[in-house]
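Below: the structure, in structure tokens.
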Amino acid sequence: MGVLVALYAILIFPGLAFLSTFGLVAEYVDRKLYARFQNRMGPPWFQPFADFVKLLGKETIIPAEANATVFKVLPAVAMAAVVTAMFYIPVWDNRSLLGFEGDLIVVIYLLTIPTLTFFLAGWASTSLYAAMGAVRSLTQLFAYEVPLYMALLAPALLARTWSLQTMARWYTEHPAWMLANLLGFLVAIVALQGKLEKVPFDIPEAETEIVGGTFTEYSGRLLAVFRMAIDMEMVVGAALLAAVFLPFGLGLHPVLVFVLFLAKVLFLVALAALLRALFARLRIEQMVDFCWRILMPAALLQLLLTVVLSGVAP
Amino acid sequence: MSVLSRVMTWARVKSPWIIHFNTGACNACDIEIVAALTPRFDLERFGILLKGTPRHADVMVCSGSVSRQIEDRLRRIYEQMPEPKFVVAVGACACSGGVFQGCYNVRSGIDKVIPVSAYVPGCPPRPEAIIDGVVKLLGTLQAPPKPPIRTVGIAPQP
């Protein structure tokens, strides 16, 4: 019985099947909104699914000089890390599937793994453009990770816990304290764009400069899995932000909480699409500059505020 | 056709990613191709995305009369694309060499070097004609294989 429940959780809900479907929906919402912001029709609703199926049916080319095993395994590692991270995030309740004291840090680490696989993928491709994209994605990692983590620490500090479900419970009891983390929320949204490598931080896959960036040599099935992992990362990243910064309405009926969860994630995806439509791509040194000079002080300010407020917090 | 291959054909028709390659054109066709990719013409309606790398692309949109210098590069980029792949020749030069037909320094047409699936004549063809060419090429994927189609560009009024 336990094994069946675990398999159901891993393969169907909230695991692989749910995440991939929701990832495709989120990609559709992102692309459609982006198109509407540009005053055009945009893709039909099945577009991400058609892209995925088409890539599955294409020839997969592996460069002769690349390490074939590493090249083939990396997309699966990225996807596995993202799906694992989802088990620690509350979805239909203020409880998560595998929550324990300290799971916030585990989720943060699991969400770093896809970026590392992008780096390794670019490096393993033995292509100049891919290597350049790989180095850029690692440079970018050092810029956005610190503000993102600082921003995520603030709400945890206020709730005096490292566990996402204890945080959810605390904020359900004291919903007004959610507003204390507003600055951190803004910092996290911007830093998440960097994590997902989306405009204005899509420097690692800047197609006008370095062809396809990290994924230059990827084709067919492997590219399909990588794209799916990125879609899932978008959902899980947004779900993490929703769990940490928007923990309202968690005490309702599970179905309502689930609908609210979907709405929160799609709201964050819509915000990301708005950012994508508003800004152009930065150069890598502008990006690092922005993250350390503006995002980082903002995140520190949020931490300071939290430390002061936690003196009066219940 | 089995269900699986029908789903696959459907996906291929609905999601053609293109790569743009200039084989020595005067840039007029390229400007029209780039214009066709702008939000005004909204190619994402058909699922068309411009990709930077041939590894991601399904359709190569070529312009130019293939100068002898670029012939090898054209062949190499075509070979870098994963199967199944298609080529659309855009402009009079790409279709037949145009005004450069028979010159000592050109191969007079993309189809002298790599197989071409659709021709879009015009000097240069309008963005609408290019979109029409690509969409008609996708239409042929659903039907059993036929000889390549030739779309008719919008002729300038005398």
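Rule-based calculations on the coordinates, nothing more; no lab input. All of these numbers come straight from a predicted model, not from anything done at the bench. Glycine gets a Cβ as well: all are built from the backbone with ideal geometry, and neighbour counts include every protein chain shown.
Summary table below
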| item | result |
| --- | --- |
| Point-charge dipole on Cβ atoms (K/R +1, D/E -1) for chain A, about Cα centre, debye to 20 | 500 debye |
| Calculated from backbone phi, Karplus (6.51, -1.76, 1.60) coupling profile of segment B:2-11 in Hz, x at Gly/Pro | 6, 4, 4, 6, 5, 4, 5, 4, 4, 5 |
| Debye, to nearest 20: dipole size of segment B:12-140, +1 on Lys, Arg Cβ, -1 on Asp, Glu Cβ | 200 debye |
| Shielding by partners - mean other protein chain Cβ count within 10 Å, residues of B:14-25 | 2 |
| Average partner coverage of B:3-13, which counts Cβ from other chains inside 10 Å | 3 |
| Residue-span extension gain [A:Phe279 to A:Val70] - 0.36 nm each, minus C-alpha spacing | 71.7 nm |
| For A:Asp93, A:Asp51, order by how many other beta-carbon atoms lie within 10 Å, fewest first | A:Asp93, A:Asp51 |
| Between segment B:93-142 and segment A:134-208, the Cα center-to-center distance that results, in Å | 49 Å |
| Those aspartates and glutamates that a straight Cα-Cα span of less than 19 Å connects to B:Lys112, excepting residues fewer than 8 apart in one chain | B:Glu71, B:Asp72, B:Glu79 |
| Computed over segment B:12-140: relative contact order in percent, which uses C-alpha pairs under 8 Å that are six or more apart | 27 percent |
| Positive-end residue of A:Leu111, A:Thr60, A:Tyr34, charge dipole of segment A:14-170 with Cβ unit charges | A:Tyr34 |
| Relative contact order of segment A:164-246, defined on C-alpha pairs under 8 angstrom at six or more residues apart (%) | 37 percent |
| Alpha carbon convex hull of chain B, projected area averaged over orientations, nm² | 9.7 nm² |
| Phi-based couplings in Hz for segment A:156-172 (Karplus 6.51, -1.76, 1.60; Gly and Pro marked x) | 5, 5, 5, 7, 6, 7, 9, 9, 5, 6, 5, 4, 4, 5, 4, 6, 5 |
| Per-selection Rg to Rh, segment A:184-314 - Cα, Kirkwood hydrodynamic radius | 1.04 |
| Chain B: most fluctuating residue of B:Cys123, B:Cys95, B:Cys62 per GNM, C-alpha cutoff 10 Å | B:Cys123 |
| Calculated on alpha-carbon atoms, Rg and Dmax of segment A:154-260 in Å | 17.6, 51 |
| Within a Gaussian network of chain A (alpha carbon springs, distance under 10 Å), most fluctuating of A:Met232, A:Met132, A:Met79 | A:Met132 |
| Of B:Pro82, B:Pro16, B:Pro125, the one that fluctuates the most in a GNM where chain B has Cα springs shorter than 10 Å | B:Pro82 |
| Backbone HN-Hα couplings from phi across segment B:119-134 [Karplus 6.51/-1.76/1.60, Hz, Gly and Pro as x] | 10, 10, x, x, 9, x, x, 6, x, 4, 5, 5, 4, 4, x, 5 |
| Value at 222 nm in deg cm²/dmol, rounded to 500, when DSSP H runs of n ≥ 4 in the protein assembly as shown each add -39,500 (n - 2.57) | -18500 deg cm²/dmol |
| Order of B:Arg73, B:Arg126, A:Arg169 under a 10 Å beta carbon neighbour criterion, fewest first | B:Arg73, B:Arg126, A:Arg169 |
| 20 Å binning of all Cα-Cα separations within the protein assembly as shown, expressed as whole percents from 0 upward | 23, 51, 22, 5, 0 |
| Flagged links, alpha-carbon separation over 20 Å, of A:Lys72/B:Lys85; A:Lys32/A:Lys72; A:Lys54/B:Lys51 | A:Lys72/B:Lys85; A:Lys32/A:Lys72 |
